[in-house]
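Report on the following structure.
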Amino acid sequence: MPSYVTSITCSRCNWRCDPGTIQNLCPVCASPLLVDYDLEAIDRAVTKQSIAQRPPTMWRYEEFLPVPDPRQIVSLGEGFTPLIAVGSALTELGLPNLWVKDDGLNPTGSFKARGASCGISMAKALGIKAVALPTAGNAGGAWSCYGAAAGIAVHVAMPEDAPAINHLECKLYGAQLTVVKGLISDAGKLIAKGIRENGWFDAATLKEPYRIEGKKTLGLEIAEQMGWQMPDAILYPAGGGVGLIGIWRGLLQLQAMGWVKGNLPRLIVVQAEGCAPIVKAFREGKAISEFWEGASTFSSGLRVPKALGDFLVLQAVRETGGTAIAVSDADSGAMMQLLARRTGIFAAPEGAATLTAAAQLREQGVLAPNDRVVLINTGTALKYQEALEQICN
Ligand SMILES: *Cc1c(COP(=O)(O)O)cnc(C)c1O
Ligand SMILES: [Zn+2]
């Protein structure tokens with residue numbers, strides 16, 4: 001089966017190339033490259049009904065993904081995570097139509113498994129032997145995991161103060177881990193040097209075109225799980241914001257195919273008060289964000305001081321009539337506890353941040369009582385022992 005990819009296209013200029021070549025950033029303007037598909041051909045090849053019969057992983061949307069040959073897919077059961085109704089368990093929020101998409105149930109305990117499954121599958125398809133990436137924590141674990149499954153070497157650079165489990169999982173999977181005194185941005189500089197010197201493939205987020213495609217399946221699943229109807233709002237905890245760009249692109253593709261009708265949901269960015277560059281840029285009406293000095297939050301996935309795809313995140317938020325909001329760690333910790341006690345969902349602090357934001361946006365009247373609202377819980381609390389110790393003591 002050939003893939004339905006028509007071209008790899010620059011997100012900023014007009015550069016494009018054929019699928020099947022190894023690409024990183026746009027060779028002309030150094031912006032992220034995105035994957036385009038022949039949506040009419042996908043529409044002829046599959047139906048909602050045929051997808052419904054397939055196994056419950058993100059690869060049920062194989063035609064919407066770039067891997068040319070199914071034998072190259074590296075899968076450990078990622079995706080098709082439950083969409084759990086929580087409105088009636090949390091009546092004080094005043095949002096009866098509230099769902100949590102629980103992506104903490106993925107392999108390696110975060111939604112990074114989606115990006116890694118797709119990214120490593122494409123690396124395998126393209127004959128790449130070694131990949132390298134900087135990470136705030138969970139991406140390191142996920143790429144180490146899928147690299148191990150595919151027999152591809154993985155080089156990871158991670159901040160020293162990322163959750164301890166993120167260091168340990170990379171080591172257990174046999175990845176080469178370099179610990180960095182500093183943030184993901186400092187880890188990025190180190191990885192760039194390693195790539196220049198050793199010829200590793202740069203798998204940093206949005207520096208290759210396929211990780212985002214895996215994350216896109218979050219949007220496809222939300223549409224399918226809601227009966228191919230779009231919710232009114234989706235709240236996403238944004239670090240690099242790639243999951244949000246992915247959801248946006250996935251829903252735009254479904255809309256272009258006529259598989260979903262009406263407006264796209266309002267896409268809402270949630271960040272931590274200690275690191276909120278995209279929220280600041282949104283408030284100031286800017287098209288790109290500035291480097292956030294002194295980034296600090298226990299939501300390690302949100303500790304990204306400057307995102308390469310910030311302009312795409314801001315575009316997605318503005319074009320869908322969404323908004324951006326920063327919440328405190330104290331409030332997110334309390335919400336993590338409330339969610340666990342009322343619903344049994346063991347959410348990462350990043351996921352709890354979206355619940356905090358939903359409560360505040362409802363109070364402010366930005367969300368209406370009857371809005372159908374989906375929160376993305378991007379990880380499991382099992383990966384946040386340090387944060388849990390703060391919250392529970
Ligand atoms: C990486 C991560 C995020 C942020 O994801 P982006 O796509 O980079 O915005 C949020 N939550 C968790 C748990 C993460 O691991
Ligand atoms: Zn370009």
Would you say Ile212 is within 19 Å of Arg12 (Cβ to Cβ), within 12 Å of the chain's Cα centre (by Cα) and not in a loop (DSSP other than H, G, I, E, B)?
-> yes
Does region 68-88 contain any residue that is acidic (Asp, Glu), open to solvent by 40 Å² or more (accessible area, probe 1.4 Å) and away from ligand 1 (no atom under 16 Å from the Cβ)?
-> no
Could we say that Ser3 is assigned to a loop (DSSP other than H, G, I, E, B), open to solvent by less than 60 Å² (accessible area, probe 1.4 Å) and away from ligand 2 (no atom under 16 Å from the Cβ) here?
-> yes
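When the residues of region 218-261 are filtered to those that are more than 17 Å from the chain's Cα centre (by Cα) and among the charged types (D, E, K, R), which remaining residue is surrounded by the most Cβ atoms within 10 Å (Cβ to Cβ)? Before you say what the answer is, go through the steps one by one.
First, pick out the residues of region 218-261 that are more than 17 Å from the chain's Cα centre (by Cα): 224-232, 253-261.
Then keep just the ones that are among the charged types (D, E, K, R); that gives 224, 232, 261.
Details: Glu224: 20, Asp232: 16, Lys261: 10.
Once the filter is applied, the top-ranked residue is Glu224.
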List the pairs whose first member sits in region 15-29 and is away from ligand 2 (no atom under 15 Å from the Cβ), whose second member is open to solvent by 60 Å² or more (accessible area, probe 1.4 Å), and whose Cβ atoms are under 8 Å apart, counting only residues at least 6 apart or on separate chains?
-> Pro19/Thr6
Say whether the condition of being more than 23 Å from Leu105 (Cβ to Cβ) and surrounded by fewer than 24 Cβ atoms within 10 Å (Cβ to Cβ) is met by at least one residue in region 133-151.
-> yes
Condition set in a loop (DSSP other than H, G, I, E, B) and among the hydrophobic types (A, V, I, L, M, F, W, C), scope region 351-378, selection surrounded by the most Cβ atoms within 10 Å (Cβ to Cβ): answer is Leu367
Scanning region 163-185 for residues that are touching a residue at least 60 places away in the same chain (Cβ under 8 Å), crowded, with 21+ Cβ neighbours inside 10 Å and not aliphatic (A, V, I, L, M) gives Pro163, Asn166, Glu169
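Does Leu264 satisfy the condition of being open to solvent by 10 Å² or more (accessible area, probe 1.4 Å) and more than 17 Å from the chain's Cα centre (by Cα)?
Values: open to solvent by 10 Å² or more (accessible area, probe 1.4 Å): yes; more than 17 Å from the chain's Cα centre (by Cα): yes.
Considered against the rule, which asks whether it is open to solvent by 10 Å² or more (accessible area, probe 1.4 Å) and more than 17 Å from the chain's Cα centre (by Cα), Leu264 comes out as yes.
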Is it the case that Ala157 is free of Cβ contacts under 8 Å to residues at least 40 places away in the same chain, surrounded by fewer than 24 Cβ atoms within 10 Å (Cβ to Cβ) and more than 28 Å from Pro265 (Cα to Cα)?
-> no
Hey, Val270 assigned to a strand (DSSP E or B), on the phi < 0 side of the Ramachandran plot and in contact with a Phe, Trp or Tyr (Cβ under 8 Å, 6 or more places away or on another chain) or not | yes
Filter result (open to solvent by less than 20 Å² (accessible area, probe 1.4 Å) and part of a strand (DSSP E or B)) within region 18-36 = Leu33, Leu34, Val35
Could you tell me whether any residue of region 52-67 is assigned to a strand (DSSP E or B), farther than 23 Å from Trp143 by Cα and either within 16 Å of ligand 2 (Cβ to nearest atom) or not hydroxyl-bearing (Ser, Thr, Tyr) (or both)?
-> no
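Kindly indicate which of Ala307, Ala381, Ala330 is open to solvent by 20 Å² or more (accessible area, probe 1.4 Å) and either aliphatic (A, V, I, L, M) or under 18 Å from Lys101 (Cβ atoms) (or both). It would help to see each step written out before you state the result.
Values: Ala307 fails: open to solvent by 20 Å² or more (accessible area, probe 1.4 Å); Ala381 fails: open to solvent by 20 Å² or more (accessible area, probe 1.4 Å).
Within the list Ala307, Ala381, Ala330, the selection yields Ala330.
One line per residue, one yes/no per condition, for (1) within 21 Å of Ser75 (Cβ to Cβ); (2) within 23 Å of the chain's Cα centre (by Cα); (3) open to solvent by 30 Å² or more (accessible area, probe 1.4 Å); (4) in contact (Cβ under 8 Å) with a residue 12 or more places away in the chain:
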site	(1), (2), (3), (4)
Ile42	yes, no, no, yes
Lys48	no, no, yes, yes
Gln53	yes, no, yes, no
Met58	yes, yes, no, yes
Matching residues in region 91-123 - criterion: being of a type in the set (Lys, Arg) and either in contact with a Gly (Cβ under 8 Å, 6 or more places away or on another chain) or modelled with pLDDT under 95 (or both) = Lys112, Arg114
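The values are calculated or read from the model by the stated rules, or taken from the named source; none is laboratory data. Note that this is a predicted model, so its numbers are computed, not measured. Positions of Cβ are backbone-derived with ideal geometry, glycine not excepted, and every protein chain shown enters the neighbour counts. These area figures cover heavy atoms from the full protein model, side chains too; ligands, DNA and RNA do not enter into them. Shrake-Rupley method; radii C 1.70, N 1.55, O 1.52, S 1.80 Å.
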